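Quick notes on the structure that follows.
The values are calculated or read from the model by the stated rules, or taken from the named source; none is laboratory data. Remember, it's a predicted structure, so these values are computed and weren't measured experimentally. Cβ: placed from backbone, ideal geometry, glycine included. Neighbour counts: every protein chain shown.
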Amino acid sequence: MTSVEAFEGADALRRAWSSGLAPDPALTVSQWSDRFRMLSSRGAAEAGPYRTARTPYMRDVMDALSPAHPARRVVLPKAAQVGATEAGNNWLGHCVHIAPGPFLLVQPTVDMAKRLSQQRIEPLIDESPELRARVLPSRSRDAGNTVLSKRFPGGVLLITGANSAVGLRSMPARNVFLDEVDAYPGDLDGEGDPVSLAEARTISFGHRAKMFLASTPTIAGLSRIEREWELSDQRRYHVPCPHCGAMQWLKFAHLRWPKGRPEEAQYHCESCETPIEERHKTWMMDPANGAAWYATADEETIARAARAGVVGFHISGLYSPLGWLSWVDIAAAWEAAQGNDAMLKTFKNTILGETWQEKGEAPDWQRLYDRREITFALGTVPKGGLVLTAGADVQRDRIEIDIWAWGRNLQSWLVDHIVIEGDTARPEIWTRLTTLLQETWPHESGARMALARFAIDTGDGATTDAVYSWARLNRGEQVLAVKGQREGIVKAPVDGPSKVDVTEGGRKIRRGLSLWTVKSGYFKSETYRFLRQSPPTDEEIELGADWPAGFIHIPKSGVTSEWIKQLTAEQLVTRRDKRRGYTKLEWQQLRERNEALDCRVYARAAAWLLGIDRWDDTRWSTLEGQIAPEALAGPVNTQAPSDGNDETETTPPIAGRILKRKPRARRSYRARYME
């Protein structure tokens, strides 16, 4: 080695040693993001260098996550797609590069955690050279570097789901990012609130620990992010009016447009009332022009939050940058949601970033009884009904079945109420139920309609084995074995199917019974929303007014007050689990019998599985054409009904074996067995 080489080697060693002794660069998270973050086309709509100026309201949120900031808990209730997850990812990148330490990132489920890792975290690392040099690529044989675990000098990243108690208990964490906390389960395997379990991971780090909680809010009184927000200083992003300069935070009430013309939507200054065009939004949100976050909580709450190190930021879709969600889009979404509580809830949650006040009280049964309709009678299918489903509730001494017809815009009609009396342990009761599967009901057009789907509750008591046995004998598209679930995570209103017939070794039996899990509370809330709707007046009907979407039609003939009371037999209440420390909503019975409500839920679940929520106008028109009087002279249709789960299906499904030729005269099921 020459003297020159020795000198260069010693100089390099001194530089490396000095670099190690030097303090971390004083970069905030937003500064790091603008300098080092690259957005990949794999996970971002706008690929290229990250620019905080694109979403300027996120600068203070990210900087509150910086190590030098005194905040220990950052809370962000927000609209969907406003850049919150990317802000959290920037914080992660800053920690890996500048301030390493154990980092815990929690998604609602493990599956979502894997998807986030592959679609967001891996591109974050791959596209940023500073991170790529520190985080080794995932290797199947390296337990420290997998899809859900990333090691880097001075720390480790663990990505997990809120439905995994093991993941939340696995390691201490200095930094915790809890994304979409309102989608977390209320209680995790009997161990308590997932947020509390994650927070417990930070105890050993004391004042150096930080937590970032972000979520689109859900239901008032149940929303975690709402509770966290109320304990914070409640900051709002104030922007100046381009006309008078008055500072204000954007409120939906000031977005105005002529009814029916959302394309003319403009924001009106709350001070000078001058309309503001959307092109001014970029100027308004720029901190250089005065835009800033201001705490809006009362003085006592602000002081308490400051002592606890809790800061809160709220951002709605009204602040969405140009090219993303526009004010015109928001106005159009609001108009489209009118008269539909489900769409209004989505609007408030995902666009305004606000909680939805659920109406959990039971509808007035007397009002429903008084508004029964005389235009059709029990035992017949009215003009608008195009597909039949049934829900069955099994008791020890009887089986109760309700038949519902479904039409456009989720309108429904009670077609029949049948009770099969007798000990359900006796085979003849189940023989009569099998006979019902072959029954048909007369349609107003002159056709006869059979059941497209029949959902039967398997329960969890003495009747379960009997239901399983009957469902096995009648397996196929028509019969659905279902089980209601009041709490817990269900990915959709109806989840499954899962096999309940397995060998002792846990192997699924071929052609074994399939069981569908029904989110009962979802369909009960929907039913109550629909029942609260008012019918159009006679004058409105004469002028061609439509019935409200989802309206539930109940015939006067054959429907008793007892059935109406059963349909409204429960209410939604808020209950706080004092021992485990979380609040939840649950359905409580107001009276002993509630079979009509249960049967409605199962029939609705069957309709959902059939796919009627996704049918377009072409499908409904085809069904109307098949059942029209002029079409009854055609050949008998033998096509089996579609299950509605094939997204690529091009031919409309048939409404449950419509029989176009009148069958031979025979007594109805009701006449044979019930009268």
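The set of residues in the stretch 374-393 that are crowded, with 16+ Cβ neighbours inside 10 Å and over 19 Å from MET449 (Cα atoms) contains only ASP393. Residues in the stretch 211-222 that are more than 21 Å from ARG72 (Cα to Cα) and small (Gly, Ala, Ser) were compared, and the one that is surrounded by the most Cβ atoms within 10 Å (Cβ to Cβ) is GLY221. Taking the criterion of being in a loop (DSSP other than H, G, I, E, B) and without any contact (Cβ under 8 Å) to a residue 60 or more places away in the chain, the residues of the stretch 459-477 that qualify are ASP460, GLY461, ASN474, ARG475, GLY476. Check whether at least one residue in the stretch 249-265 is under 33 Å from the mean Cα position of the chain (by Cα), within 22 Å of ASP63 (Cα to Cα) and of a type in the set (A, V, I, L, M), and report yes or no. Checked the stretch 249-265: no residue is under 33 Å from the mean Cα position of the chain (by Cα), within 22 Å of ASP63 (Cα to Cα) and of a type in the set (A, V, I, L, M).
Annotation: of all residues in the stretch 417-447 being farther than 30 Å from ILE374 by Cα, under 39 Å from the mean Cα position of the chain (by Cα) and polar (S, T, N, Q), the one that is surrounded by the most Cβ atoms within 10 Å (Cβ to Cβ) is THR424.
If the condition is being assigned to a strand (DSSP E or B) and at pLDDT 85 or above, then the stretch 508-525 contributes SER514, LEU515, TRP516, THR517, VAL518, LYS519. The set of residues from the stretch 245-285 being among the charged types (D, E, K, R) and touching a strand residue (DSSP E or B) at 6+ places or on another chain (Cβ under 8 Å) comprises ARG256, GLU270, GLU277, GLU278.
Given the structure, is GLY290 more than 30 Å from the chain's Cα centre (by Cα), touching a residue at least 40 places away in the same chain (Cβ under 8 Å) and surrounded by 15 or more Cβ atoms within 10 Å (Cβ to Cβ)? Judged against the criteria, GLY290 is not a match. Whether a residue is at pLDDT 95 or above and not β-branched (Val, Ile, Thr) was assessed, and PRO217 does not pass this test. Meeting the requirement of 3 or more residues that are in contact (Cβ under 8 Å) with a residue 12 or more places away in the chain, the helices (runs of 4 or more DSSP H) wholly within the stretch 526-627 are 561-567, 595-610, 617-627. Taking LEU597, is it at pLDDT 85 or above and over 16 Å from THR527 (Cα atoms)? So LEU597 does not fit the description; no. Residue check: is LYS281 touching a residue at least 12 places away in the same chain (Cβ under 8 Å), basic (Lys, Arg), crowded, with 21+ Cβ neighbours inside 10 Å and on the phi < 0 side of the Ramachandran plot? In short, yes. Does any residue of the stretch 434-455 turn out to be under 23 Å from ASP501 (Cα atoms) and small (Gly, Ala, Ser)? Among the residues of the stretch 434-455, at least one is under 23 Å from ASP501 (Cα atoms) and small (Gly, Ala, Ser), which makes the answer yes. If you scan the stretch 69-81, which residues turn out to be surrounded by fewer than 24 Cβ atoms within 10 Å (Cβ to Cβ) and in a strand (DSSP E or B)? Of everything in the stretch 69-81, just one residue is surrounded by fewer than 24 Cβ atoms within 10 Å (Cβ to Cβ) and in a strand (DSSP E or B), namely ARG73.
Suppose we filter THR389, THR435, THR424, THR350 for residues that are part of a loop (DSSP other than H, G, I, E, B) and in contact (Cβ under 8 Å) with a residue 40 or more places away in the chain; which single one remains? Within the list THR389, THR435, THR424, THR350, the selection yields THR424. Candidates in the stretch 452-466 are the residues that are surrounded by fewer than 23 Cβ atoms within 10 Å (Cβ to Cβ) and among the hydrophobic types (A, V, I, L, M, F, W, C); of these, the one that is farthest from GLY611 (Cα to Cα) is ALA462.
Screening the stretch 452-480 for residues that are within 18 Å of ASP598 (Cα to Cα) and acidic (Asp, Glu) and picking the one that is modelled with the highest pLDDT gives ASP457.
Yes/no per residue for (1) touching a strand residue (DSSP E or B) at 6+ places or on another chain (Cβ under 8 Å); (2) farther than 25 Å from GLU361 by Cα:
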site	(1), (2)
TRP516	yes, yes
LEU531	yes, no
HIS553	yes, no
SER557	yes, yes
THR560	no, no
ARG575	yes, no
CYS599	yes, no
TYR602	yes, no
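Restricted to the stretch 212-275, the set of strands (runs of 3 or more DSSP E) holding at least 1 residues that are of a type in the set (Lys, Arg), touching a residue at least 60 places away in the same chain (Cβ under 8 Å) and under 18 Å from ALA84 (Cβ atoms) comprises 235-240. Would the stretch 339-356 turn up any residue that is modelled with pLDDT of 95 or more, surrounded by fewer than 19 Cβ atoms within 10 Å (Cβ to Cβ) and among the aliphatic types (A, V, I, L, M)? There is no residue in the stretch 339-356 that is modelled with pLDDT of 95 or more, surrounded by fewer than 19 Cβ atoms within 10 Å (Cβ to Cβ) and among the aliphatic types (A, V, I, L, M).
In the stretch 276-291, which residue that is of a type in the set (A, V, I, L, M, F, W, C) and assigned to a helix (DSSP H, G or I) is farthest from VAL82 (Cα to Cα)?
Result: ALA288.
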